[in-house]
């Protein structure tokens, strides 16, 4: 047996993503990563994006998240079991703002729904079929047209045509302006 080679594939951060996330942070938005990737990949991305100062430098495994949530969240109705469970979620998962690795589509859906039920306004950005249900559950779901698939385009509220992450920031700015203007009017 002869060892020939070792190689890996890396999807580098796109231009402007780090700055956009910093701008969103300055505007009061929290950025979390929900990924099916390995923990090391998620932690590396957290570090590259500068999210480690915003949250603990650790990631919660999807399987562990589901085990924790079973006692507090009904997967069939997508609701907290009781008010105490919602309070528990706000005091633990919600305040710690964990990113997740090795998560399934159901993990993403539960996380997004639980965050939304806890009072957060969720903008979810996705490009794979595993993001479809979470895109639908978010207040605003963004799909990436060029790198994404037809399923995410269908489930998203907004499709980003240029796959530029700064478009999410622009949408947030416009959305806040529209909301503020509507509130002034009413």
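Here are some notes:
- Unmet criterion (only one of (1) out of contact with any helix residue (DSSP H, G or I) (no Cβ under 9 Å at 6 or more places or on another chain); (2) over 29 Å from residue 176 (Cβ atoms); (3) surrounded by 14 or more Cβ atoms within 10 Å (Cβ to Cβ); (4) modelled with pLDDT under 90) for residue 2: (3)
- Scan of segment 1-21 for residues that are in contact (Cβ under 8 Å) with a residue 40 or more places away in the chain and either in a loop (DSSP other than H, G, I, E, B) or more than 21 Å from residue 164 (Cα to Cα) (or both), ordered by number: 14, 16
- Leading residue by the ranking (surrounded by the most Cβ atoms within 10 Å (Cβ to Cβ)) among those in segment 22-47 that are assigned to a helix (DSSP H, G or I) and in contact with a helix residue (DSSP H, G or I) (Cβ under 7 Å, 6 or more places away or on another chain): 46
- Among the residues here, residue 109 qualifies as assigned to a helix (DSSP H, G or I), crowded, with 16+ Cβ neighbours inside 10 Å and out of contact with any strand residue (DSSP E or B) (no Cβ under 7 Å at 6 or more places or on another chain).
- Which numbered condition residue 121 misses (of (1) surrounded by 15 or more Cβ atoms within 10 Å (Cβ to Cβ); (2) under 12 Å from the mean Cα position of the chain (by Cα); (3) under 24 Å from residue 145 (Cα atoms)): (1)
- Looking only at segment 81-99, and only at residues there that are over 20 Å from the mean Cα position of the chain (by Cα) and outside any helix (DSSP H, G or I), the one that is surrounded by the fewest Cβ atoms within 10 Å (Cβ to Cβ): 82
- Pick from segment 124-148, criterion without any contact (Cβ under 8 Å) to a residue 24 or more places away in the chain and touching a helix residue (DSSP H, G or I) at 6+ places or on another chain (Cβ under 6 Å), ranking: nearest to residue 33 (Cα to Cα): 124
- Only one of the listed residues (78, 161) is surrounded by 15 or more Cβ atoms within 10 Å (Cβ to Cβ) and over 14 Å from residue 32 (Cβ atoms). That residue is 78.
- Qualifying positions in segment 149-186 - in a loop (DSSP other than H, G, I, E, B) and out of contact with any strand residue (DSSP E or B) (no Cβ under 7 Å at 6 or more places or on another chain): 149, 161, 162, 164, 165, 186
- Of the set (1) without any contact (Cβ under 8 Å) to a residue 60 or more places away in the chain; (2) buried (at least 20 other Cβ atoms within 10 Å of the Cβ); (3) part of a helix (DSSP H, G or I), all apply to residue 63 but (2).
The values are calculated or read from the model by the stated rules, or taken from the named source; none is laboratory data. Note that the coordinates shown come from a computational prediction; the quantities given were computed from them, not determined experimentally. Glycine gets a Cβ as well: all are built from the backbone with ideal geometry, and neighbour counts include every protein chain shown.
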